[in-house]
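Single-structure report; data block below.
Every number in this text was worked out from the coordinates using simple rules, so none of it is lab data. All figures in this text were calculated on a predicted structure; none of them were measured in a lab. Backbone-built Cβ (ideal geometry, glycine too); neighbour counts: all protein chains shown.
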């Protein structure tokens, strides 16, 4: 029998070197992230105060530039409408793929195109809506609802893909149990699969919403920019990403500062969504 | 009277359920915890004729003819992969839920061919209940809702759900353990209790036949014993088919035992005979532990 020997010195040294190398790479990846957060908080915090959040941008070149209220409200409205469009469609697609399509050729083709759509740059969705809805002047030119459509197009594949993952986590054994009790397929889906997957579906929807909320390009050619507060979906509307986009290219420090404030506000809003998503996920009974 | 509303069902299914109308679940006396309140009634005879089952191109069950007698427990034994679970899943037509799988042949319950194209699949599954290998209560539902799930999921109307749930839980020997926490989640129970909950869920829809696919293989010996006692009680009212890997279990619970090998039915005889005086040398080799 071979004798048991202590681990050789060279192996210990190699192990240390490899671990050190990987740790260094991890730290390197954290550097830009930390810097972004640092500047965002440092610059943004200076700009934000109660008045900043509760006044609209004035649009005046001289004098008081105003705050970002209309941008916060506009982003909330447009993203909410986009979610109302994309979540039912995305979850519906996922339900079809998991419960009915399964491994059929058609379902696999749909999956492939969802993947492709997830990778399409967001500016393409903006251009598409620009060509089909803005240039054609359906219901006027630039309008908030067109921005929502562009955002929804971006969000549908994200919702569909992550919902499919969640629905696949629902064990087949409970689908079988329900079918074996004499339940028709649609009742298995509505009474057993959906309630079981519900927390996960909420999480995947919130993450897609968080993604959509930060997009600039889909809104750029579809909603255009506005200063004043607007609630009319057929009209132009302000939004946080566009406010940032406009302000950051201005020559005045006050406007650039407003861009930082708007950026921090947007990041905080998205962070809140993500935290809620995580909390809901923790309540899920499915193993992830 | 708690029979499922015949008007909502297809014709053959209705006649499948009506003869049972004289079994009065709620009137059963509440007795000691070990005895269940399932009243005896005539179970249904199940006749299999030339049943073949396929997974894609491969044939897992190769032409089985078999009769399950009413009010008897039939055990299906055989080495892994012999097709006994597949055959079981053909009886409530769950086999065809697997993509690419299909079955042919005749399975007759009470003069009704379950494979008749005009028959409603959901009616088949209400008439032939199934208990699975691993306890699988619905994770989002309470104990009460789990037991009532079959009634609600199959859209059965005209049933006093509360009454039926109590009856089913008594029938599964679980009532006394859970009556004070019916609103608690079903997955909070122990494994053995979960499996009895699944049995309660199955009998709550008042099937004629209960299929059990290795119902004790995930349970400890004491929980296993409870389920076996329960099977003895349940056969007063239901025709029971149980797939098991455990030959002692087959000897304990089954009136007759069927031995399957490589997709074929080798032998079906009274349990004593299978274990003591089998007619086929392959059966003898299997029950004496020479292979499998």
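Kindly list the number of the only condition in (1) surrounded by 18 or more Cβ atoms within 10 Å (Cβ to Cβ); (2) assigned to a loop (DSSP other than H, G, I, E, B); (3) more than 14 Å from every other protein chain (Cβ to nearest Cβ) that fails for residue B:119.
(3)
From the list A:281, A:252, exactly one residue is surrounded by 15 or more Cβ atoms within 10 Å (Cβ to Cβ) and either closer than 18 Å to residue A:213 by Cα or in contact (Cβ under 8 Å) with a residue 24 or more places away in the chain (or both). Which is it? It would help to see each step written out before you state the result.
Values: A:252 fails: surrounded by 15 or more Cβ atoms within 10 Å (Cβ to Cβ).
It is A:281.
Any residue that is surrounded by fewer than 21 Cβ atoms within 10 Å (Cβ to Cβ), within 13 Å of chain B (Cβ to nearest Cβ), under 28 Å from residue B:94 (Cα atoms) and out of contact with any helix residue (DSSP H, G or I) (no Cβ under 8 Å at 6 or more places or on another chain) - is there at least one of those in the range A:153-170?
Looking through the range A:153-170, none of the residues is surrounded by fewer than 21 Cβ atoms within 10 Å (Cβ to Cβ), within 13 Å of chain B (Cβ to nearest Cβ), under 28 Å from residue B:94 (Cα atoms) and out of contact with any helix residue (DSSP H, G or I) (no Cβ under 8 Å at 6 or more places or on another chain).
Among the helices (runs of 4 or more DSSP H) contained in the range B:150-248, which hold 2 or more residues that are in contact (Cβ under 8 Å) with a residue 24 or more places away in the chain and within 14 Å of chain A (Cβ to nearest Cβ)?
Per the criteria, B:161-171, B:191-204.
Can you tell me how many residues in the range B:54-105 are in a helix (DSSP H, G or I) and more than 21 Å from residue B:261 (Cβ to Cβ)?
Number satisfying all stated conditions: 2.
Collect the residues in the range A:1-57 that are loosely packed, with under 10 Cβ neighbours inside 10 Å and part of a loop (DSSP other than H, G, I, E, B), keeping them in residue-number order.
Residues satisfying the conditions are A:1, A:2, A:3, A:4, A:5, A:6, A:7, A:8.
Return yes or no: is residue B:90 away from every other protein chain (no Cβ under 12 Å) and free of Cβ contacts under 8 Å to residues at least 60 places away in the same chain? Don't jump to the end; show me each part of the working.
Working: away from every other protein chain (no Cβ under 12 Å): yes; free of Cβ contacts under 8 Å to residues at least 60 places away in the same chain: yes.
Yes: the conditions hold for residue B:90.
Looking at the range A:160-189, I want the residues that are on the phi > 0 side of the Ramachandran plot and have a partner that is in a helix (DSSP H, G or I) with Cβ atoms under 6 Å, at least 6 apart or on another chain. Which pairs are those?
A:182/B:122; A:182/B:125; A:182/B:126
Step by step: first the residues of the range B:98-116, then only those that are surrounded by fewer than 16 Cβ atoms within 10 Å (Cβ to Cβ) and within 24 Å of residue A:98 (Cα to Cα), then the one that is nearest to the other protein chains (Cβ to nearest Cβ). Which residue is that?
Among those that are surrounded by fewer than 16 Cβ atoms within 10 Å (Cβ to Cβ) and within 24 Å of residue A:98 (Cα to Cα), it is B:99.
Consider residue B:189 against the criteria (1) under 17 Å from the mean Cα position of the chain (by Cα); (2) within 19 Å of residue B:220 (Cα to Cα): it satisfies all of them except one. Which criterion is unmet?
Residue B:189 satisfies every listed condition except (1).
Filter the helices (runs of 4 or more DSSP H) completely within the range A:171-238 down to those with at least 2 residues that are away from chain B (no Cβ under 14 Å).
The qualifying helices (runs of 4 or more DSSP H) are A:194-213, A:217-220.
Could you tell me which numbered condition residue B:147 fails, if it satisfies all but one of (1) surrounded by fewer than 24 Cβ atoms within 10 Å (Cβ to Cβ); (2) more than 21 Å from residue A:186 (Cβ to Cβ); (3) more than 7 Å from every other protein chain (Cβ to nearest Cβ)?
(1)
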